[in-house]
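Student: The structure's right below; bear with me while I get my questions together.
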Amino acid sequence: MTPSRYDAIFCDLGNVLINFDHRIAVKKILRYTPKNEQDIYQLFFDSGLTKDYEEGKISSIEFFKKVKDSLELEMDYNKFLPIWNDIFFETLLNKKMQNLLKAVKRKYKLVMISNINETHYEFLKKKMPIFGEFDKLILSYKIGFRKPAREIYSAALESVNTTLSKAFYVDDRADLINTALDFGIKGIVFDGEEAFKKIETELL
């Protein structure tokens, strides 16, 4: 593979440009609910409710009401929101990837593809200038599909008028990279310093 083959970079957000851990919020929520830590984590990270929220099928207020009912929470939306959003942290590797994208922006169209909900997006876009470097943001809650649905990748391709073979994809999840490869989009799993070096070599 050579960089000249690509005209677009598709880049994930979570655990690539910024890291996250739902357990940070889970531990803060514990004092407001009779539920245990695992129940809260499962609801936040891997539930049908979270999927619906990330696909934009329910509003932020509807999501909170369902969370409140499910966890028997003793708090209102305004108290919940800062805790729900306080799961993100930036690492040196995140910064390296951000800086790489800035360095290659003149050579490629940059497209963010993220499984994300409305409140996390609104929170992060105020904190992270890197959002402004992207030509297009393909966000699950706006598109109505989450990765690995083919529709979200198709939306990314269409957004910058490119083709499968001319897009290069970076994501922290191997299953998503493999699914994209099945579609015809090549990429690298962002899982550490060695992966970053490979990405850097591929794109510079």
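The values are calculated or read from the model by the stated rules, or taken from the named source; none is laboratory data. The structure presented is a predicted model; accordingly, all values stated were derived computationally and were not measured. Don't worry about glycine lacking a Cβ; one is built from the backbone with ideal geometry, like all the others, and counts go over all protein chains shown.
Student: Here is a list: D191, D182. Which entry is part of a helix (DSSP H, G or I) and not small (G, A, S)?
Tutor: The match here is D182.
Student: Looking only at the range 52-65, filter to residues that are surrounded by fewer than 15 Cβ atoms within 10 Å (Cβ to Cβ) and not hydroxyl-bearing (S, T, Y); which one of those is farthest from the chain's Cα centre (by Cα)?
Tutor: Out of the qualifying residues, it is K65.
Student: So, restricting to helices (runs of 4 or more DSSP H) that lie completely within the range 1-115, which ones have at least 1 residues that are closer than 20 Å to K198 by Cα?
Tutor: So the answer is 92-104.
Student: If L124 meets every condition in (1) assigned to a loop (DSSP other than H, G, I, E, B); (2) surrounded by 15 or more Cβ atoms within 10 Å (Cβ to Cβ) apart from one, which number is that one?
Tutor: (1)
Student: Quick one: in the range 103-121, which of the residues that are charged (D, E, K, R) and under 20 Å from A8 (Cβ atoms) is surrounded by the most Cβ atoms within 10 Å (Cβ to Cβ)?
Tutor: Selected residue: K109.
Student: Would a scan of the range 179-202 turn up a residue that is buried (at least 21 other Cβ atoms within 10 Å of the Cβ) and either among the hydroxyl-bearing types (S, T, Y) or modelled with pLDDT under 95 (or both)?
Tutor: For the range 179-202, residues buried (at least 21 other Cβ atoms within 10 Å of the Cβ) and either among the hydroxyl-bearing types (S, T, Y) or modelled with pLDDT under 95 (or both): absent.
Student: Go through the residues of the range 18-31 one by one and say whether even a single one is surrounded by 14 or more Cβ atoms within 10 Å (Cβ to Cβ), closer than 30 Å to T162 by Cα and modelled with pLDDT of 95 or more.
Tutor: Checked the range 18-31: at least one residue is surrounded by 14 or more Cβ atoms within 10 Å (Cβ to Cβ), closer than 30 Å to T162 by Cα and modelled with pLDDT of 95 or more.
Student: Can you pull out the residues in the range 99-144 that are over 23 Å from K166 (Cβ atoms) and without any contact (Cβ under 8 Å) to a residue 40 or more places away in the chain?
Tutor: Listed by number, the residues that qualify are N99, H120, Y121, E122, F123, K125, K126, K127, P129, F131, G132.
Student: Pick out the one residue from L81, L100, L73, L49 that is at pLDDT 95 or above, assigned by TED's automatic domain parsing to the domain that holds A8 and surrounded by 14 or more Cβ atoms within 10 Å (Cβ to Cβ).
Tutor: L100
Student: If you check N161 against the conditions, is it without any contact (Cβ under 8 Å) to a residue 24 or more places away in the chain, out of contact with any helix residue (DSSP H, G or I) (no Cβ under 6 Å at 6 or more places or on another chain), part of a loop (DSSP other than H, G, I, E, B) and not small (G, A, S)?
Tutor: Judged against the criteria, N161 is a match.
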